[in-house]
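Enquirer: The structure's right below; bear with me while I get my questions together.
The values are calculated or read from the model by the stated rules, or taken from the named source; none is laboratory data. Computed from a predicted model, the values in this text were never measured in an experiment. We place every Cβ from the backbone using ideal geometry, glycine too, and count neighbours over all the protein chains shown. These accessible areas exclude ligands, DNA and RNA; they are computed on the full protein's heavy atoms, side chains included. Shrake-Rupley method; radii C 1.70, N 1.55, O 1.52, S 1.80 Å.
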Amino acid sequence: ALIDMYAKCGMLEKTRDIFDKLIDRDVVTWNALISGYAQHACGEEALECYEKMQVQGICPDSVTFACTLKACGSIGAKIKGAQIHADVERRGLFGNTIVGNALVDMYAKCGSLTKARDVFNMLPFRNVVTWTALIGGYAQYNQGQEALNCFEQMKSQGLSPDAITYACCLKACGSLGAVDIGTEMHADIERQRSLKRGLLVSNALIDMYAKCGFLVKAQEVFDMLPIRDVISWTALISGYVQQDQGEEAIECFEK
């Protein structure tokens, strides 16, 4: 529990210090450490731990695989991810929802979208996380229409999008210039109070409107934000630059 707490709080040196002092370690101990590294973008360290735990005779479980696949996705380690996929198949864990979602996400983040779709199609059960992983991959690699097609298919199966789904789809709208679809999503978001206040979704809305050239609307969303981070400002500045409004961009930068 100490390892898990320090790992989740991002204190990875403290996490490793406690881990190294333990005489006995089980799969839960290793998972806590691997998860911490994966969560805080230390993919190489996570994969190193994955190898070490097996050398020490500890068998990975579904949580181990999910965390390690996340690490592969974060560093683009497609070959290693494929090897772990083979391990998942050998251990009969492919049908596990958490592992299946992690496989789709790993392949999508690594740009292997055909493989991500193949895994997706073979899964016995799909939830909003599964769909969002695939949508996110399409959006990230400029296949916006595929992302939006998946979004419609997901909704037709009765699944409700979450904040990450909307953020990915709004990115797709921005890349396609599909402001009409983006505006419809904005209306859906406004109807859901839990999503409306989220910075992730708000930033995605600003970016979508800005990329589509609707700077007045982008500024409106920006002005309504109670909190703004560097992503909020950069989305707006980028929109002004894109539309050759350099003075407004510099003014935002100064603010």
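Enquirer: So is Asp87 open to solvent by less than 40 Å² (accessible area, probe 1.4 Å) and charged (D, E, K, R) or not?
Expert: Details: open to solvent by less than 40 Å² (accessible area, probe 1.4 Å): yes; charged (D, E, K, R): yes.
Answer is yes for this residue.
Enquirer: I would also like to ask the following. Determine, yes or no, whether Ile250 is farther than 25 Å from Val128 by Cα, in a loop (DSSP other than H, G, I, E, B), hydrophobic (A, V, I, L, M, F, W, C) and open to solvent by 70 Å² or more (accessible area, probe 1.4 Å).
Expert: Spelling it out, it is not the case that Ile250 is farther than 25 Å from Val128 by Cα, in a loop (DSSP other than H, G, I, E, B), hydrophobic (A, V, I, L, M, F, W, C) and open to solvent by 70 Å² or more (accessible area, probe 1.4 Å).
Enquirer: Which residue is nearest to Phe222 (Cα to Cα), if the candidates are limited to the range 189-209 and must be of a type in the set (Gly, Ala, Ser) and surrounded by 13 or more Cβ atoms within 10 Å (Cβ to Cβ)?
Expert: Of everything passing the filter in the range 189-209, Ser202 is nearest to Phe222 (Cα to Cα).
Enquirer: Then there is this: Just to be sure I understand the filter: pairs with C-beta atoms under 8 Å, separated by 6 or more residues or on different chains, first member in the range 171-191 and under 17 Å from Asn203 (Cβ atoms) and among the β-branched types (Val, Ile, Thr), second member part of a helix (DSSP H, G or I) and open to solvent by 60 Å² or more (accessible area, probe 1.4 Å). Which pairs pass?
Expert: Here the result reads Ile189/Lys196, each pair linking the range 171-191 to a residue that is part of a helix (DSSP H, G or I) and open to solvent by 60 Å² or more (accessible area, probe 1.4 Å).
Enquirer: Checking Leu225 against (1) assigned to a helix (DSSP H, G or I); (2) open to solvent by less than 30 Å² (accessible area, probe 1.4 Å), only one condition comes out false. Which one?
Expert: Status for Leu225: all satisfied but (1).
Enquirer: Considering (1) closer than 23 Å to Leu33 by Cβ; (2) modelled with pLDDT of 95 or more, say which one Arg91 fails and leave the rest.
Expert: Only one criterion is unmet by Arg91, namely (2).
Enquirer: A further question on this structure: Do the conditions hold for Pro124, that is, is it open to solvent by less than 20 Å² (accessible area, probe 1.4 Å) and outside any helix (DSSP H, G or I)? Steps first, please.
Expert: Details: open to solvent by less than 20 Å² (accessible area, probe 1.4 Å): no; outside any helix (DSSP H, G or I): yes.
The answer is no for Pro124.
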